Amino acid sequence: MEKSLSWREFIITRLIQSSGYSAILFVALIFFFLLREGLPALGEVDVSSLLNFRWYPIESYFGILPLISGSLIVTLGAALIAVPFGIGTAVYISEVAPRWMREILKPLVELLGGLPSVVLGFLGILVLAPFLRVFLNLPTGLTAFTGSLLLGGIAVPTVVSVAEDALDSVPRAYREGAWALGATRWQTIWRVTLPAAKSGVLTAVMLGVGRAIGETMTVMMVTGNAPVLATGLGSLFAPVRTMTATIAAEMGEVANGSTHYHVLFFIGMVLFIISLIVNVIASSVVFRAKKRAERILS
Amino acid sequence: MVDKIIIENLSLQYSDGTESLRNVSMGIPQNAVTVLFGPAGGGKSTLLRCLNRLNDLTEIKASSGRILIDGENILDPKTDVIALRRRVGMVFARPVTLPMSIRENIIYGLELAGEKRKSKLDEAVERSLKLSAIWDEVKDRLDESAIELSGGQQQRVCLARVIALQPQVILLDEPTSGLDPISTGKVEAALFELKKEYTIILVPHSVQQAARTADHAAFFLTGELIEYGDGKSLFTNPKQKKTEDYVMGRFG
């Protein structure tokens, strides 16, 4: 009896352990696969033409700058929309709304986060793009701005949900301390609660941005997919093409092993590295803030 | 002596059904330490939190009665709660110093109130730290982080932060519950000085502290005010059996 129990214990521990390790294994495998398929691109196309601003694979123009700039401008636009809106919503839910309102809003926001992005893209094409074309008097409604709006909408639930948790975990004593000193509700939020939840709110922003930059389906549907280098604010209202949309649109039709194929994987690598950087920044911010919080509370 | 605060038939019930105060009436005199004591769940903290309307932010099912400060009913919905809280300061059981320098902690409330003149702020820092009996310990490091201070020092900084606002009434909710005896002694000594200028209401963390500090003492049990009177006679010669049992340590 004793024997079989410890034996079972051993098996279960090992099983859990291996499923834990498998996450590391998968990430490593994906990365090596990306490297194996993407790195040859550097041998087949020289770096200067990769950094060109013309993407036209059929004529062997593999400049990825327009794609990177496309991704950046759409993501930046999305962040500018999602961050203030998301944090505002989180503050409202956590600090201002009465209890019954909170109980309605929170599940609704989470529901929004679960909406398939293709549905949002569909709405974008049918409703948002024609509206923007008429309203802003543009030649086409399929622009970076349209993508930003929708991506912002996709990122908002992530931002709200994480930021709201962070605000909620600020000790009540902080708020009461501020109230007892005669702080107004707004002063308490702005000068006590938000600073105290800073790390969580920053994580929320980072996760929201990460969600936006990796999003494919919606941007492919609504940004017009024109690989033009974004040069300024004006490009926000012109069609662009993002890295994700390029991979998704072209990977299916490319000849396996060709230069084009390798370059697409190279783009995947760039994307992987960008989201890695975002995640590392996010977790280091959280780590530092946690250490500080431990010092305060000890 | 003049009653600064008059509480009339105050009852309060939280929305989870617990009845916290039952028909409490008492007068709280100016320039004295009034101690509210009794076992946990007696309604002492609730009463404190009514006095600066901090209970507004908790879920309350029903409340009735009046609290008059200088003759004005502060439970009136028309009361300016922010102004009230500047008039009635509060110190909590766990010191909540903010992660900034000592000086910034002290002037925080004043800045919230819109005070910008540096001379006024400096004056307030020195005055309030002196009154809280911590000036000598921190005067050379006002710009260092308040978080590095010991628990007892932090609690006195919190007291100074309240004093800086020049309130009329100071509420203290078990201010020494986490402190060592020496720090506790310093806080109590500060109270002794402070009562010359302020009306002080203290929820002590022990009967001994209640007996040491009380000019007037009120004994609360399960939401009811059992006995209220002069500090000395209440602890040496209680009129109610329940008060006597508690003071003698027979229960609680």
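The values are calculated or read from the model by the stated rules, or taken from the named source; none is laboratory data. Remember, it's a predicted structure, so these values are computed and weren't measured experimentally. Cβ coordinates were reconstructed from backbone atoms using ideal geometry, including for glycine residues, and neighbour counts include every protein chain displayed.
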(request) Might you let me know whether the range B:160-180 holds any residue that is buried (at least 18 other Cβ atoms within 10 Å of the Cβ), over 21 Å from the mean Cα position of the chain (by Cα) and part of a helix (DSSP H, G or I)? (result) no
(request) Go through (1) more than 14 Å from every other protein chain (Cβ to nearest Cβ); (2) in contact with a helix residue (DSSP H, G or I) (Cβ under 9 Å, 6 or more places away or on another chain) one by one and return the number of the condition B:R49 breaks. (result) (1)
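Looking at the range A:66-81, can you tell me whether even one residue there is within 25 Å of A:G224 (Cβ to Cβ) and either outside the structural domain of A:V228 (by TED's automatic domain parsing) or assigned to a loop (DSSP other than H, G, I, E, B) (or both)?
Within the range A:66-81 (the criterion being within 25 Å of A:G224 (Cβ to Cβ) and either outside the structural domain of A:V228 (by TED's automatic domain parsing) or assigned to a loop (DSSP other than H, G, I, E, B) (or both)), the answer is no, since none of the residues qualifies.
Sort through B:S128, B:S132 and tell me the only one that's within 18 Å of B:P167 (Cβ to Cβ), within 14 Å of chain A (Cβ to nearest Cβ) and under 18 Å from the mean Cα position of the chain (by Cα).
Numbers: B:S132 fails: within 14 Å of chain A (Cβ to nearest Cβ).
Of the residues listed, the single one that is within 18 Å of B:P167 (Cβ to Cβ), within 14 Å of chain A (Cβ to nearest Cβ) and under 18 Å from the mean Cα position of the chain (by Cα) is B:S128.
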(request) Looking for whichever is in the same structural domain as A:Y56 (by TED's automatic domain parsing), basic (K, R) and within 20 Å of the chain's Cα centre (by Cα) here; the options are A:R185, A:R172, A:R211, A:R191. Which one fits? (result) A:R211
(message) Cβ contacts < 7 Å: first residue within 7 Å of chain A (Cβ to nearest Cβ) and farther than 20 Å from B:L202 by Cβ, restricted to the range B:75-102; second residue among the acidic types (D, E) and surrounded by 22 or more Cβ atoms within 10 Å (Cβ to Cβ), any location; separation 6+ or different chain. Result?
(response) none
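Quick check: anything in the range A:4-22 among the hydrophobic types (A, V, I, L, M, F, W, C), without any contact (Cβ under 8 Å) to a residue 60 or more places away in the chain, within 30 Å of A:M251 (Cβ to Cβ) and not assigned by TED's automatic domain parsing to the domain that holds A:N256? Write out each step before concluding.
Restricting attention to the range A:4-22, the residues satisfying the condition of being among the hydrophobic types (A, V, I, L, M, F, W, C) are A:5, A:7, A:10-12, A:15-16.
Right, trim to without any contact (Cβ under 8 Å) to a residue 60 or more places away in the chain and you get A:5, A:7, A:10-12, A:15-16.
If we keep only those that are within 30 Å of A:M251 (Cβ to Cβ) too, we end up with none.
Within the range A:4-22 (the criterion being among the hydrophobic types (A, V, I, L, M, F, W, C), without any contact (Cβ under 8 Å) to a residue 60 or more places away in the chain, within 30 Å of A:M251 (Cβ to Cβ) and not assigned by TED's automatic domain parsing to the domain that holds A:N256), the answer is no, since none of the residues qualifies.
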(request) Scan the range B:104-115 and give yes if some residue there is buried (at least 16 other Cβ atoms within 10 Å of the Cβ) and more than 12 Å from chain A (Cβ to nearest Cβ), otherwise no. (result) no
(message) Just checking, does the range B:147-159 include any residue being crowded, with 20+ Cβ neighbours inside 10 Å and charged (D, E, K, R)?
(response) yes
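Conditions (1) farther than 30 Å from B:D80 by Cα; (2) surrounded by fewer than 24 Cβ atoms within 10 Å (Cβ to Cβ); (3) touching a Lys or Arg at 6+ places or on another chain (Cβ under 8 Å), marked per residue:
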position: A:F122; (1), (2), (3): yes, yes, no
position: A:V127; (1), (2), (3): yes, yes, no
position: A:S148; (1), (2), (3): yes, no, no
position: A:V156; (1), (2), (3): yes, no, no
position: A:E176; (1), (2), (3): no, yes, no
position: A:W179; (1), (2), (3): no, yes, yes
position: A:W186; (1), (2), (3): no, yes, no
position: A:K198; (1), (2), (3): yes, yes, no
(request) Inspect all residues belonging to the range B:199-215 and state whether any of them is over 15 Å from the mean Cα position of the chain (by Cα) and buried (at least 19 other Cβ atoms within 10 Å of the Cβ). (result) yes
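Which of the residues spanning the range A:167-206 are part of a loop (DSSP other than H, G, I, E, B), facing another protein chain (nearest Cβ under 9 Å) and not aliphatic (A, V, I, L, M)?
If we filter the range A:167-206 for residues that are part of a loop (DSSP other than H, G, I, E, B), which is where we start, we get A:169-171, A:181-184, A:197.
Now restrict to residues that are facing another protein chain (nearest Cβ under 9 Å): A:171, A:181-184.
A:P171, A:G182, A:T184, listed by residue number.
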